[in-house]
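In what follows, a structure is listed as structure tokens, so that the remarks can point back to it.
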There are 2 protein chains.
Amino acid sequence: MADNAPLDAPLDASLGAPLDGSLDLGLDGPALTAALVDFPSVSGTEKPLADAVEQALRALPHLTVDRYGNNVVARTNLGRAERIVLAGHIDTVPIADNVPSRLDENGVLWGCGTSDMKSGVAVQLRIAATVPEPNRDLTFVFYDNEEVAAHLNGLGHVAEAHPDWLEGDFAILLEPSLGEVEGGCQGTLRVFLHTEGERAHSARSWMGSNAIHAASPILARLAAYEPQKRVIDGLEYREGLNAVRIEGGVATNVIPDACTVVVNFRYAPDRSMEEAEAHVREVFADCGVTEFVVDDHSPGALPGLSHPAARAFMEAVGGSAQPKFGWTDVSRFSALGVPAVNYGPGDPLYAHKRDEHVHVDKIRHCEERLRDWLTARLP
Amino acid sequence: MADNAPLDAPLDASLGAPLDGSLDLGLDGPALTAALVDFPSVSGTEKPLADAVEQALRALPHLTVDRYGNNVVARTNLGRAERIVLAGHIDTVPIADNVPSRLDENGVLWGCGTSDMKSGVAVQLRIAATVPEPNRDLTFVFYDNEEVAAHLNGLGHVAEAHPDWLEGDFAILLEPSLGEVEGGCQGTLRVFLHTEGERAHSARSWMGSNAIHAASPILARLAAYEPQKRVIDGLEYREGLNAVRIEGGVATNVIPDACTVVVNFRYAPDRSMEEAEAHVREVFADCGVTEFVVDDHSPGALPGLSHPAARAFMEAVGGSAQPKFGWTDVSRFSALGVPAVNYGPGDPLYAHKRDEHVHVDKIRHCEERLRDWLTARLP
């Protein structure tokens with residue numbers, strides 16, 4: 001989970017070598033998670049783990065396996081009416097003195113990637129190994145470089161080169177969500193709002209015009225803005241419009257001629273990119289903005305929970321879905337026309353942290369719920 | 001003139017050696033100005049010029065000469081009822097391909113220091129050499145390092161070590177003022193106004209509190225502030241309250257927890273430092289400022305034009321006085337209890353610029369007015 005990362009960055013990293021080049025899919029979910037954590041795969045170094053995943057999957061006769069770079073895609077081909085995609089990234093953030101893994105007496109497994117998201121990958125591998133005849137065709141996607149810059153993301157590369165590999169009626173990303181279903185994701189738009197003035201010595205300020213003062217209506221508009229809560233498929237999305245940076249000033253005795261407010265708009269996924277940008281332009285229409293520059297823009301993804309496969313999944317796993325606020329790879333599936341949700345055993349609050357951990361019960365629970373859903377007799 | 005510098009910084013500098021180690025005070029004002037310009041004395045390298053000034057003054061029997069560092073002070077001791085101080089700095093900003101000096105066919109002398117302020121120093125030296133029996137006792141002050149950091153300023157060093165050398169009833173700084181009298185100077189106060197918030201991921205902005213938005217009332221107050229015009233001794237001072245810098249932001253996906261607005265208050269010299277600070281505190285009293293830090297504060301200087309010596313000077317030089325907005329060494333005299341004004345031949349708009357110049361008529365005019373005033377029969 002790249003965008004939803006907590007604010008703490010890992011402090012340092014050390015890469016161990018895998019103890020063995022292979023993975024034993026006969027291990028139970030918690031033990032397989034531990035084996036995956038002990039098989040370091042910091043972003044950029046995923047090849048050995050991708051090799052091991054490919055090797056383990058090729059040993060399963062009910063699957064066909066494709067590989068593109070360090071991305072591995074395996075599929076059943078049973079001619080079922082629906083196809084479900086189970087996807088997860090195999091990379092982690094840098095290790096922070098938290099490998100190898102450690103299981104404590106309370107059933108908590110500690111280590112880099114326990115939550116984000118080797119426990120989810122373990123569940124994928126367990127389903128792949130133990131459900132040879134699912135009620136819906138299955139596609140398993142294991143990809144690299146999720147924790148780094150978006151252009152490196154393996155899922156994006158596969159979507160670009162082999163979009164057919166990702167086809168399906170519904171996708172589940174096994175990102176950490178504490179066993180809750182998180183639907184869709186919000187869009188994110190970043191704009192630079194510039195104001196202009198005219199330089200002058202601050203002792204003769206009336207000779208110039210102050211660009212920082214000119215930004216006052218922008219901040220007033222931001223401070224007064226009331227973000228919307230929009231309900232989609234029963235999920236309430238909370239939008240936000242925020243200054244994330246402000247910069248202005250030349251020298252302490254000069255009236256500044258330029259000021260920039262960087263604004264981030266997080267918006268509910270029923271707004272299109274065009275609508276989101278138009279909304280922000282409208283908010284600041286009369287605020288003296290001299291230049292409006294779109295710096296970055298990623299669309300949201302609708303939760304898609306009204307799809308029959310999604311409804312059946314929700315019934316099978318129980319509980320109620322939660323909206324996803326941050327931007328995730330769910331929207332890559334959405335862009336391919338595949339509704340997608342996050343559903344994984346990890347705890348997102350501990351992702352990327354030195355004390356990252358997962359409750360082994362959550363791993364078992366998640367695996368069982370998925371197996372039940374994928375083996376139940378269909379009406 | 002340090003504080004009133006135009007915004008252009010000199011682009012490069014090259015130091016020539018003086019053609020000769022001596023100064024000929026028999027030259028007329030424009031020629032002496034040219035000789036001084038051709039005798040480079042960028043801040044920090046004034047010693048040869050200070051030596052030459054000292055040597056030239058010691059040759060005048062009607063003066064006693066003191067030296068402290070590269071600062072030279074010469075005085076008449078005629079027991080007159082009043083004492084006038086004529087002061088000027090001998091350093092310049094770095095040379096910008098504009099030395100040696102060049103006199104054009106329109107009577108304009110070009111070169112580094114022509115305006116700021118070797119033309120003024122030439123007038124000082126001419127008065128010293130040609131007015132052996134002035135109607136008021138005279139003190140001539142030549143000092144170094146005016147164009148650099150305030151703590152290096154030679155006038156400040158003399159004021160600290162030998163305040164008696166600077167005693168007088170009235171002081172004239174021959175800083176560039178285009179032959180107009182500029183009275184007093186404004187005070188300048190710089191404060192940091194901090195606002196605080198609470199960090200959160202910008203996708204979940206309601207979990208935090210935005211420090212940039214919290215700065216909105218500060219900018220609104222600045223934008224709405226109506227600076228005062230205050231009349232003192234017939235001079236109208238225009239105050240100004242301006243943001244000169246603003247900074248806030250952690251990362252583009254983080255709600256910022258801190259923002260700082262740097263505000264500069266330029267105030268009329270009838271406000272004390274305490275009053276000025278109290279005024280700024282009051283302006284921002286209800287703006288959500290979590291910390292108010294005084295970063296820098298220099299008091300103003302009253303014009304002192306009601307003093308009899310100042311009135312007589314004004315009558316002699318004619319014209320009307322103008323207020324001085326920037327901070328100048330006038331306030332160092334003011335702090336010593338000596339009312340002071342700026343009055344020099346240079347054009348302040350061209351100080352520190354590559355095309356710095358002075359009209360030779362202004363040099364002659366300034367010298368003549370001072371000589372007339374200092375040799376007139378007193379009532």
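Since every read-out is calculated from the coordinates, none of them should be taken as a lab result. This is a predicted model, so every value here is computed, not measured. Backbone-built Cβ (ideal geometry, glycine too); neighbour counts: all protein chains shown.
Some points to look at:
- Averaged over peptide B:208-215, the number of partner chain Cβ atoms lying within 10 Å of each residue's Cβ comes to 5.
- Counting Cβ atoms of other protein chains within 10 Å of each Cβ in A:193-204 and taking the mean gives 4.
- Loop-resident GluC sites (Glu not before Pro) (DSSP state other than H, G, I, E or B) in the range B:63-171 with no more than 11 further Cβ atoms inside 10 Å of their Cβ: B:E105.
- Comparing A:D144, A:D355, A:D164 in a Gaussian network model of chain A, where Cα atoms under 10 Å apart are tied by springs, the biggest mean-square fluctuation is seen for A:D164.
- Spin-label pair B:T375/B:E236, simplified geometry with 7 Å Cα→Cβ offset, distance in nm: 3.8 nm
- Put simply, the amide H of A:Q228, placed in the peptide plane, has neighbours under 5 Å in A:E239, leaving out anything fewer than 5 places away on its chain.
- Of interest is the spacing of the C-alpha centroids, which for the range A:353-379 and the range A:210-225 amounts to 48 Å.
- Shown in residue order for the range B:302-311 are the 3J(HN,Hα) couplings computed by the Karplus curve 6.51 cos²θ - 1.76 cosθ + 1.60 at θ = phi - 60°: 5, x, x, 6, 7, 5, x, 5, 5, 4 Hz (x for Gly and Pro).
- Karplus-derived 3J(HN,Hα) values for the range B:327-341, using 6.51 cos²θ - 1.76 cosθ + 1.60 with θ = phi - 60°, are 8, 9, 5, 3, 6, 5, 5, 4, 5, 8, x, 10, x, 8, 9 Hz; glycine and proline are entered as x.
- Other-chain or far-sequence residues with amide H under 5 Å of B:E180's (modelled H): B:G344
- Restraint check, B:K47/B:K362; B:K118/B:K353; A:K229/A:K362; A:K118/A:K362, Cα-Cα greater than 24 Å: B:K47/B:K362; A:K229/A:K362
- At R0 = 56 Å, FRET efficiency that the Cβ-Cβ distance of B:H62 and B:D270 yields, to 0.05: 0.90
- Fraction of alpha-carbon pairs over 52 Å apart in the protein assembly as shown - percent: 40 percent
- Cα-centred dipole magnitude for chain B, charges only on beta-carbon of K, R (+1) and D, E (-1), debye, nearest 20: 420 debye
- Judged by the mean number of other Cβ atoms found within 10 Å, the most tightly packed of the peptides B:369-375, A:290-296 leads the ranking B:369-375, A:290-296.
- Over the residues of chain B, the helix contribution to mean residue ellipticity at 222 nm works out to -7500 deg cm²/dmol, using -39500 (n - 2.57) for each DSSP H run of at least 4.
- Virtual spin-label span in nm between B:E180 and B:E196, 7 Å along Cα→Cβ: 4.8 nm
- Furthest towards positive pole of dipole, A:P256, A:V294, A:V148, structure part chain A, Cβ charges: A:V294
- Here B:K47 and B:V294 are evaluated by their C-beta separation; at R0 = 25 Å the FRET efficiency comes out at 0.10.
- The residue among A:L32, B:Y343, B:G208 whose Cα reaches farthest toward the positive pole of the charge dipole of the protein assembly as shown, with charges on the beta-carbon of Lys, Arg, Asp and Glu, is B:G208.
- Charged-residue dipole, Cβ positions (Lys, Arg, Asp, Glu), the protein assembly as shown about Cα centre, Debye nearest 20: 780 debye
- The relative contact order of chain B, computed from alpha carbon pairs under 8 Å that lie at least 6 residues apart in sequence, is 24 percent.
- Square roots of five times the Cα gyration tensor eigenvalues for the range B:300-377, Å: 22, 20, 9
- Distant-in-sequence amide H partners of B:G197 (H built 1.01 Å from N, under 5 Å): B:A211, B:A258
- Between A:A150 and A:V108, the contour length at 0.36 nm per residue exceeds the alpha carbon distance by 12.0 nm.
- Peptide-level mean, for B:255-264, of C-beta atoms on other protein chains within 10 Å: 3
- Once the Cα-Cα distance is subtracted from the 0.36 nm per residue extended length, the A:E82 to A:V131 segment shows a gain of 16.1 nm.
- ³J(HN,Hα), Karplus 6.51/-1.76/1.60, whole Hz, each residue of the range B:41-51, x for Gly, Pro: 8, 4, 2, x, 10, 7, 3, x, 6, 4, 4
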